[in-house]
Amino acid sequence: MDRGEAPARTLIFPHRPVFHFPLAPIVALREASRMDDLALNIRVARPSDAAEVARIYIESWHDTYPAVLSTALLCAMTPKGQTARWYAAIRNQRRELVLVAENPQAGLVGMASLGASRDRAFGYDGEVYTLYVDPAYFGRGAGRALLNGAFAQLRQRGFSSCVIWAHAGNNARFFYETMGGRVVAERKARMMSDIVPETAFGWKTLALAERSHAK
C-alpha cells in the first residue's frame, strides 16, 4: 500500500476488521486477455474453500516475508489455525467479504478480503484487507482480477474509494502502483512482538489503471 506525506504513526489493528455489511451474491469476473493469463473466475468464497484460502495465505507470507518478518511470526501461522480463521470469516461474511480466484484446472490460485475502511482519517471509505496470490501463479493476472473483483464488490456496497495497507518491504507496492494506487500514508503496526512498517495505497475512485504488467 502507498501513502503520501502523512507522518508515520503507530496504529495497532486486530487482523480482522469489525465492520458489518450484508452478504453479497457470487461475483463472476473472467480475465484472460493476455497469452499468459489464467482463465479465472472471481467468486465469493465458500466454507469448503477455507483450507485452500489458508494455504494460499500462508504460502504467500512465507514466500514474501522471510527476510523482513521474524521466524516466530511466520511459524505461528499454522494450517489448522489459519483454516479456522478463514472458515469463520467466510461463514460470517459480514465483517469481511472473502473472494477467491479459481482456475478450472489449477483450482484456487488467489484470495482477497474487503470491507469498510478501518481508518477513515485518510479519506477512503473502503478497504481491501488482504490480497494474496499463490506464488506458483505470480504474473498470470490473478492479482489484477482479484483487485478488480474487490472493487466491484465495494461499489456494490456503496463505497466510492479504497485503501490497501501493505508491509513497506513488500514488492506488492509495485503492483499496487501499476494498478493506479497512490501512496497516501505510512504507519507502524504490531504483529505479535514485531513492529511492522506499513504503507497505504489509495484509489479515489474504484477503477484500476490501464492494463500493464500485473501480478
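Observations on the model:
- Screening Ala50, Ala39, Ala106, Ala76 for residues that are modelled with pLDDT of 90 or more and out of contact with any helix residue (DSSP H, G or I) (no Cβ under 9 Å at 6 or more places or on another chain) leaves exactly one candidate, Ala39.
- Within region 148-165, not a single residue is more than 16 Å from Gly126 (Cα to Cα) and modelled with pLDDT under 95.
- Within region 203-215, restricting attention to residues that are in a loop (DSSP other than H, G, I, E, B) and modelled with pLDDT of 85 or more, the residue that is surrounded by the fewest Cβ atoms within 10 Å (Cβ to Cβ) is Thr205.
- Answer from Val98, Val27 - the residue that is at pLDDT below 95 and β-branched (Val, Ile, Thr): Val27
- Residues (part of a helix (DSSP H, G or I) and surrounded by fewer than 18 Cβ atoms within 10 Å (Cβ to Cβ)) located in region 73-84: Leu73, Leu74, Cys75, Pro79, Lys80, Gly81, Ala84
- Wholly within region 98-195, strands (runs of 3 or more DSSP E) carrying at least 1 residues that are of a type in the set (D, E, K, R), surrounded by fewer than 24 Cβ atoms within 10 Å (Cβ to Cβ) and more than 16 Å from the chain's Cα centre (by Cα): 182-191
- Flag for Ala200 being in contact with a helix residue (DSSP H, G or I) (Cβ under 6 Å, 6 or more places away or on another chain), part of a strand (DSSP E or B) and at pLDDT 75 or above: no
- Close Cβ contacts (under 6 Å, 6 or more residues apart or on different chains) running from residues in region 137-162 that are touching a residue at least 60 places away in the same chain (Cβ under 8 Å) to residues that are among the acidic types (Asp, Glu) and part of a loop (DSSP other than H, G, I, E, B) comprise Arg140/Asp37; Gly141/Glu31; Gly141/Asp37; Ala145/Glu31.
The values are calculated or read from the model by the stated rules, or taken from the named source; none is laboratory data. Keep in mind that this is a model prediction, so the values were computed, not measured. Glycine also receives a Cβ, built like all others from the backbone with ideal geometry; neighbour counts cover every protein chain displayed.
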